[in-house]
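The values are calculated or read from the model by the stated rules, or taken from the named source; none is laboratory data. Since the structure is predicted, the reported quantities are computational estimates derived from the model, not experimental observations. Virtual Cβ from ideal backbone geometry, glycine too; neighbours counted across all protein chains shown.
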Ligand SMILES: C[S@@+](CC[C@H](N)C(=O)[O-])C[C@H]1O[C@@H](n2cnc3c(N)ncnc32)[C@H](O)[C@@H]1O
């Protein structure tokens, strides 16, 4: 029997009441694009089965907010399947608006805690992952709510394919140090930065998000951290 503690979602699921147009697109598009982790047993979901045959990989975004990065990536990479997790209904409705307007057919949505999806995905089934400006939970007593913590790191290491990159951004320097300490200590991941420009500057193929813009306006320069899932068969040093 699984004795792991149950997952807990922190943060809001709802904001302001949805405008009529957003509610309409949510009701029309969400049923066809939504995935329910409860429909799958642990480790049983092959994410390629959610997309048309012939896609070259599946990329995952955790906490996509309003979905601007996810929609831009899906448009730039029509041959990749994307799964986005976001429990906040207003953000999901915004993403669905973009999907509808841009005619994107390569995005599936989990409107819930990403942890539930991580548990049901098959090992090595995700080819790239994004965690952009996750809630920093700055109060020390709330630090344990941070997404980057040992259980989620182990889950990400399980689902990412060998050589897959996990891109993480934050504008919160304490969380940045925390991420580097936790992922730096995880033998499954290697931080790819060689020089400061590698993490201070957003790579050209990394679309900006609302939270990045808010942080810059508030004088908080972001860090763009890329980690590579190490090969499972190689000895690690
Ligand atoms: C600070 S916002 C950043 C949003 C977006 N990535 C951006 O850069 O604009 C953090 C987002 O993570 C979402 N979130 C928090 N916990 C989550 C979880 N366990 N699973 C999925 N999303 C989560 C929140 O609902 C929120 O939209």
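Pick out the one residue from 148, 168 that is in contact with a helix residue (DSSP H, G or I) (Cβ under 8 Å, 6 or more places away or on another chain), at negative phi, within 14 Å of the ligand (Cβ to nearest atom) and in a loop (DSSP other than H, G, I, E, B).
Working: 168 fails: in a loop (DSSP other than H, G, I, E, B).
Criteria check complete, one pass: 148.
Take residue 66 and tell me if it is at pLDDT 95 or above and either more than 10 Å from the ligand (Cβ to nearest atom) or surrounded by fewer than 20 Cβ atoms within 10 Å (Cβ to Cβ) (or both). Against the criterion (at pLDDT 95 or above and either more than 10 Å from the ligand (Cβ to nearest atom) or surrounded by fewer than 20 Cβ atoms within 10 Å (Cβ to Cβ) (or both)), residue 66 does not qualify. Reported count of residues in region 31-47, each being surrounded by fewer than 17 Cβ atoms within 10 Å (Cβ to Cβ) and on the phi < 0 side of the Ramachandran plot, is 10. Got at least one residue in region 85-107 being part of a strand (DSSP E or B), within 16 Å of the ligand (Cβ to nearest atom), in contact with a strand residue (DSSP E or B) (Cβ under 7 Å, 6 or more places away or on another chain) and closer than 14 Å to residue 33 by Cα? Yes.
Residue check: is residue 206 in a loop (DSSP other than H, G, I, E, B), in contact with a strand residue (DSSP E or B) (Cβ under 7 Å, 6 or more places away or on another chain), within 15 Å of the ligand (Cβ to nearest atom) and under 22 Å from residue 64 (Cβ atoms)? In short, yes.
Residues in region 108-123 that are free of Cβ contacts under 8 Å to residues at least 60 places away in the same chain and more than 8 Å from the ligand (Cβ to nearest atom): 118 alone.
Condition first: touching a residue at least 40 places away in the same chain (Cβ under 8 Å), closer than 16 Å to residue 134 by Cβ and crowded, with 17+ Cβ neighbours inside 10 Å. Can you find one or more residues in region 53-61 that meet it? Yes, because at least one residue in region 53-61 is touching a residue at least 40 places away in the same chain (Cβ under 8 Å), closer than 16 Å to residue 134 by Cβ and crowded, with 17+ Cβ neighbours inside 10 Å. What single numbered condition from (1) away from the ligand (no atom under 15 Å from the Cβ); (2) part of a strand (DSSP E or B); (3) touching a helix residue (DSSP H, G or I) at 6+ places or on another chain (Cβ under 9 Å) fails to hold for residue 42? It fails just one condition, (2).
Scan region 192-203 and give yes if some residue there is closer than 22 Å to residue 71 by Cα and part of a helix (DSSP H, G or I), otherwise no. Within region 192-203, not a single residue is closer than 22 Å to residue 71 by Cα and part of a helix (DSSP H, G or I).
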